[in-house]
Amino acid sequence: MSLNIKKQLGDLKLDVNQELPIENVVALFGPSGCGKSSLLRLITGLDTPDSGRLEYKSASGESLIFFDSSSGVNIPVHQRRIGYMFQEDRLFPHLSVLGNLEYAHKRNQVSTEALTFDDVVDALQLSSLLNRKTVQLSGGEKQRVALARTLLTRPRLLLLDEPLSGLDYDRKREVLPFLEQLPTLFKIPIVYVTHDLDEVSRLTKQILVLSEGKRVAFGATASIISSLTSEQLGIEKQEESSLLDGVISKIDEVFMLAHILVQNREFILPTASTAKPGQSISLLIKARDVGISLSKPTDSSIRNSVECVVTEILEEESTPFAQLNLDMNGASLKSRITRASLKELKLALGQKVFALIKSASFEPRFL
Amino acid sequence: MSLNIKKQLGDLKLDVNQELPIENVVALFGPSGCGKSSLLRLITGLDTPDSGRLEYKSASGESLIFFDSSSGVNIPVHQRRIGYMFQEDRLFPHLSVLGNLEYAHKRNQVSTEALTFDDVVDALQLSSLLNRKTVQLSGGEKQRVALARTLLTRPRLLLLDEPLSGLDYDRKREVLPFLEQLPTLFKIPIVYVTHDLDEVSRLTKQILVLSEGKRVAFGATASIISSLTSEQLGIEKQEESSLLDGVISKIDEVFMLAHILVQNREFILPTASTAKPGQSISLLIKARDVGISLSKPTDSSIRNSVECVVTEILEEESTPFAQLNLDMNGASLKSRITRASLKELKLALGQKVFALIKSASFEPRFL
Amino acid sequence: MIIDLSSLWLTIKLALIVTALLLFLATPFALWLAHTKSRLKPLLEAVIALPLVLPPTVLGFYLLIAFNPNAAFGKTWMKITGDTLAFSFEGLVIASLIYSLPFMVQPIQSSFESLGRKPYETALSLGAKPLDAFLTVIFPLSFRGFLTACVLTFAHTIGEFGVVLMVGGNIPQETKVISIAIYEHVETLEYAQAHILSGILLLMSFLILLSVYAYNKRYRINVG
Amino acid sequence: MIIDLSSLWLTIKLALIVTALLLFLATPFALWLAHTKSRLKPLLEAVIALPLVLPPTVLGFYLLIAFNPNAAFGKTWMKITGDTLAFSFEGLVIASLIYSLPFMVQPIQSSFESLGRKPYETALSLGAKPLDAFLTVIFPLSFRGFLTACVLTFAHTIGEFGVVLMVGGNIPQETKVISIAIYEHVETLEYAQAHILSGILLLMSFLILLSVYAYNKRYRINVG
Amino acid sequence: AETANIAVATNFHNTMKELQHSFESSYEHKLVVISGASGQLYAQALNGSPIDIYLSADQSRAEALEHSHIGVNGSRFTYAIGQLVLWAPKGDTIQDWQGILKNAVPDQKIAIANPKLAPYGVAAEQVLNSMEILGNRRHQIVMGQNVGQAYAMVTTGNADFGLISQSYIKDLTPNVWKIPDDYYSPIKQDAVLLKRAQSNLAAQSFFDFMKSDTALKIIEENGYQRAK
Ligand SMILES: Nc1ncnc2c1ncn2[C@@H]1O[C@H](COP(=O)(O)OP(=O)(O)OP(=O)(O)O)[C@@H](O)[C@H]1O
Ligand SMILES: Nc1ncnc2c1ncn2[C@@H]1O[C@H](COP(=O)(O)OP(=O)(O)OP(=O)(O)O)[C@@H](O)[C@H]1O
Ligand code: MOO
Ligand SMILES: [Mg+2]
Ligand SMILES: [Mg+2]
């Protein structure tokens, strides 16, 4: 999708020029008020840009101009076939849960291989709620119904605005894999707004970072998360992470561990049953989960100790912490340790160290 | 506060009988649809229980019967002076942001030592938004205004229903400390609904866990989180945590580290500048952040290695993980390691091991 | 004592036709008024309410002037339909449309305004075409406004007789509505007949209104 | 040619008093209707709309009978106030109240219903007393419904003359409202006077309505 | 000086104004004129409206009031006899009135007052009956509530002919034809004094004045006949 959009929103000047190759899930990330929801509204056609151009290119090569201020094109909302899950509750109060779902379902029966009604109801565990009135739903239940309703529009493109924010861990764990499948199984690309880095790393391959209405960065989730600082991403320091691209070399089926080669270094990590040797995967490693040792530990449960070279040392004066950038045979890895350890271990630039990563820091879902 | 409430809500039978000693912040925790919001509505008086009794006892000993079905007492909402932040957006569309805030402010000028208008506006960074119409706010901005408006009711008791769910990390980091101060600085007890264990551990001293309308557990946050399984808490396995009560023995001001004695074992953790020796604190330690070593490591950045005895070993057959319950001189600590490590280290019940905890896993905020 | 019920049917026919026509005419207009940002809006709103201000017979008098086949409007109508407007059922309908327009427009517009754009937006985003979205979302959510509008229009058209008398000419089967019949009885001191006809009219209207409201109650949307 | 403007002031006085009184009487009633779960609701709603159905003169006839100092209602009034109701300004006010009640109740009730309970709950939870919550939240958020109700009531009371004619008795200075004056001019072929008085009435009403709507436009709440 | 309230049928309203003028200039008293439909004024009087004299458009309602508990028995008299005219603004002035009515093409309308409401309507009905128009060409008849409305229908050009009171057409233009008396029973308009007026000098004086030559002259000038 080719986005080139300008729009004045009160004090905020939204101005985004970006090619979004939406094969799969693109995260839209940025601090509150940076213009994420406004951008989605412009893509759906609910609002009209002051100027610019908006062109949709599907995976199959289909190209549609949704908006073009120079030629005066402005395709109406309902013809764009974009599924949009609003940030706030927008269920229809005059319809039951079932009525709300069928509203989308009936109007969008496009192809036989698409998501079925039951798929969606099952995935979001809505069968016991179908006859409820919408006022009788809890916050999380509303959120799930809204998500289901949006999915049932079987759109060309799905825009989800913080879809999981009201859900508890259990529900998130159940809904996330379902969302993960959508792009590959049902060929529905997703633009996903969230404040949650876990969701970003798990769901998305690419990320567009906004700040005050402007594009800050766009690229592979791994490289953006590794290369931008927490300030640039608008996240907490201790959430700063590295994303490493690796290939599974071996699966240990008994202990459910995957041996993963990243730049010829081996990581041993918990794995989900679907992982296969040869598969390439990306590892999100939080800097705070990476410890440093001068020697390779032997009798501990910490399974991963990889040799690295210290390339950068950033002491955070007003905090107890320091951040290390490590070079691991060409890949870059961040570590977050206390300034006390930094001193004690007498770490210096160019020094060889072992990065310690506990396997249990990874959930199989990261694979 | 003495809660004894029954109410039929569709299929859900809400039945909670619990004494809530609300000196500070009590978390209300439980899966989506378990009745958290419904319980808050009953406490505020917006809904009326089918039967039961609701008595408020303030820290100063003041006792008020809000509701009693046997004597027919039912104090109206506005006389209860309970601040309630609804889960969904309830800003008044006919008032500006300022108007919304003043609505609460003007009606609740009870004491001079209470929160000032400017305190709240500053804490939630609303000064640039004051003249906005509410439709011109982003999701997170709305959330902050709603929180501010509730705070400005200067209530006897504050009920917050997922107040931070729409906020980004930066805002959360700014708002949380402010909420933390409320009970001590302004003598406002809080009942806090959230799905986020971090918020629970950071803000709350006590926790009430609900499931399907019934009380599952109530007690000190530390002990509940340590003793209940993730299933009982309705959280993800890898979020399972221990909470240890400790006392600060020493502060290292240079490196901003606190030495903390827990059951005579010393932990060295990053600290915030406000921490003082002698202060008691609770440490939330995620099981997945606790590694196991047979010997005490020497040349690593992992500062904390405490001697423990293995008291329980739970292998999770269908996952790569195992969970260890450790006894640390009387306190219990959970560790989550791979089953592979369990085998390799030949761990057995009663065995002495060192629990490894990286200091950086802790943020100063946990102190 | 002869009770002529033909006037009752004529009245109900007139009220139904006027209500139905106004529903179609007023709805797009109300929609436009509710969402326009035009500076003309207050002007149009004021103009719509104006016919109310004139006493019905006087409004009828002015309508007669307009209906005159030599006046612009009457002439145009004559050209198009080959018929005069005054003293015809069509004329009654037009007069009632003008007279009752505000009763239809205002409650509908008012409910559109309080509904806002969100439900409509949501429906579009779920793939509904504009008309579909209107019928399946805006209409049911503003149902109470439509109901109010229709009840006021219907009842008012039934009760109206000043305008009707003036432009209708009281032609049996054509323009002699029940309100005129009751009025006649009152004027000629036939109070018994007046009571009976009024009774019938009230009872019928009451039953119609009651069933409408009872239906509405069952149907009612729980907005919280 | 003498234009008697006293009738204009009398009319405006009547319309203002009726609108103001109805606002106070109808609002609690509309509030109750909007939120009650009583089975009587449709019944009451139908009854309120009924006065509309009768031709105004006929309604006036029945009111005249009720106002008769020998009838129950008229007698009670006589006892309390020492005055007869018929042919007095007070009588006009009461008759207009009954006649215009549905115009006030229905739009207000309709907007209360679409507003739902949420804003009210929210206001209470912010420490507002019920009346305070009503005035500061429910009222402004249903403002458009109130406006519609007041405009319809006001314009309708100005234009109403059938009922007024009957119970007022067309007594100069006391019950001779402008609509009757215009009506009389039309009936007695004093068309020039009728045009002038109509023109004045229309212009005044137009100006009033225009300023009301212009104010409303500025004031209008953006619900999205 | 005293004041009397005179309820007057609409068709007589303009004449009444002249009578009032003449009366007030030679007496000390004042009159308040309340006009309306005869039936309406009757109902109001029965229910306590403050009128002293009732000038009906017919005899029957006046009679009913006279014999009610508020009327003065024996006070009733005929103050005027209405005359019916045919008014055809677009008519052919060479024809007589019968010719005009007979030759009216089917879509031409004849406006009359509603016979149920106004005596002029009754008279008009009698005329049309005698010419068999009512039987065959009913659809051509349009009715106003009263003579004034019938007049309005003609004057606005919507009706082609009107059978109306002569009092409405003071100057007999070439387009107005008097309908001979024998085509309809006389339209006798009766006056009644009400009991509440018995001690009211103004009412008494005006009631007498109505019978005076001055008054009768004015009444005649306005298109009515003197009662015989
Ligand atoms: N109609 C409008 N008029 C003026 N300002 C507006 C309008 N709509 C949005 N804004 C402002 O534009 C900014 C971007 O809003 P937007 O809703 O896109 O933020 P967001 O990135 O989605 O934030 P959040 O994560 O809090 O939902 C906000 O500061 C908001 O106040
Ligand atoms: N008025 C009602 N009638 C019937 N059922 C209701 C009603 N209100 C709530 N419920 C049901 O009661 C249950 C509890 O709802 P509640 O809103 O209290 O959940 P919650 O714990 O706040 O969940 P969440 O975390 O999703 O907000 C839900 O299953 C909801 O559907
Ligand atoms: O107004 Mo009348 O009663 O037809 O003369
Ligand atoms: Mg947003
Ligand atoms: Mg909830």
Around residue E:10: net Lys/Arg minus Asp/Glu count, Cβ-Cβ under 10 Å: -2
Prolate/oblate/rounded label for chain B (Cα gyration tensor, a/c 1.5): prolate
The protein assembly as shown, dipole about Cα centre (Lys/Arg Cβ +1, Asp/Glu Cβ -1), debye to the nearest 20: 1260
Lys, Arg +1 and Asp, Glu -1 on Cβ, resulting dipole of the range A:65-200 about Cα centre, debye, nearest 20: 600
Residue of D:101, D:201, D:189 that the Gaussian network model of chain D assigns the largest fluctuation, springs spanning Cα pairs under 10 Å: D:189
Note, ³J(HN,Hα) from phi for the range B:326-331, Karplus 6.51, -1.76, 1.60, rounded to Hz, x at Gly and Pro: 10, 9, 10, 6, x, 8
Distance between modelled label sites at residue B:133 and residue B:23, nm, 7 Å Cα→Cβ extension: 4.9
For residue A:252, label point 7 Å along C-beta direction: distances to other copies, nm: 3.4
Extreme residue, positive dipole direction of chain A, given options A:10, A:219, A:151 (C-beta unit charges): A:151
Likely footprinting exposure, E:93, C:19, fewest C-beta neighbours within 10 Å first: E:93, C:19
Distances in nm from residue A:51 to the matching label points in the other copies, shortest first (labels 7 Å along Cα to Cβ): 7.2
Fewest-first sequence of C:32, D:77 by Cβ atoms within 10 Å of each Cβ: C:32, D:77
A from B by rotation - nearest chain B beta carbon to the axis, in Å: B:165, 2
Residue-averaged [θ]222 nm for chain B, counting only DSSP H segments that reach four residues, each worth -39500 (n - 2.57): -6500 deg cm²/dmol
Nearest-ten-degree value, helix E:13-26 long axis tilted from longest Cα axis of chain E: 30
Shape category assigned to the protein assembly as shown from the gyration tensor of Cα positions, a/c cut at 1.5: prolate
Position residue C:79, label points 7 Å along Cα→Cβ, spacing to each other copy in nm (shortest first, one decimal): 6.8
Gaussian network model of chain B, Cα within-10 Å springs - most flexible of B:346, B:187, B:205: B:346
GNM result for chain A, Cα springs below 10 Å: residue of A:46, A:157, A:326 fluctuating most strongly: A:46
Relative contact order (%) - chain B, alpha-carbon pairs under 8 angstrom, separation at least six: 15
Dipole in debye (nearest 20) - the range B:154-240, about Cα centre, beta carbon charges: Lys, Arg +1; Asp, Glu -1: 580
Scattering profile of the range B:38-161 at q = 0.09, 0.10, 0.18 Å⁻¹ [log10 I(q)/I(0), Debye over alpha-carbon scatterers]: -0.29, -0.35, -0.96
Residue A:65-residue A:13 FRET efficiency (beta carbon distance; Förster radius 30 Å; 0.05 resolution): 0.80
Theoretical ellipticity at 222 nm over chain D - DSSP helices of four or more residues, -39500 (n - 2.57) apiece, nearest 500: -24000 deg cm²/dmol
Which listed pairs, of A:36/A:358; A:106/B:214; B:13/B:57; A:6/A:142; A:57/A:106; A:250/B:296, have C-alpha distances above 28 Å, in listed order: A:36/A:358; A:106/B:214; A:6/A:142; A:250/B:296
Selection from B:77, A:97, E:6 lying farthest towards where the dipole of the protein assembly as shown points positive, charges on Cβ: A:97
Footprinting exposure proxy for B:214, B:276 (fewest neighbouring C-beta atoms within 10 Å first): B:276, B:214
Under 14 Å, Cβ to Cβ, from residue E:64 - net charge with Lys/Arg +1 and Asp/Glu -1: -4
For the range E:50-160, fraction of C-alpha pairs farther apart than 23 Å, in %: 38
Spin-label model distance (nm) - residue A:307 vs residue D:72, 7 Å beyond Cα toward Cβ: 10.8
Counted charge near residue A:68, where neighbours are those whose Cβ lies closer than 15 Å (Asp, Glu -1; Lys, Arg +1): +3
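Where a number appears in this text, it was derived from the coordinates with a stated rule and is not lab data. Treat the numbers as computed from the prediction; the structure is a model and nothing was measured. Every residue, glycine as well, gets a Cβ built from its backbone with ideal geometry; the counts of neighbours run over all protein chains shown.
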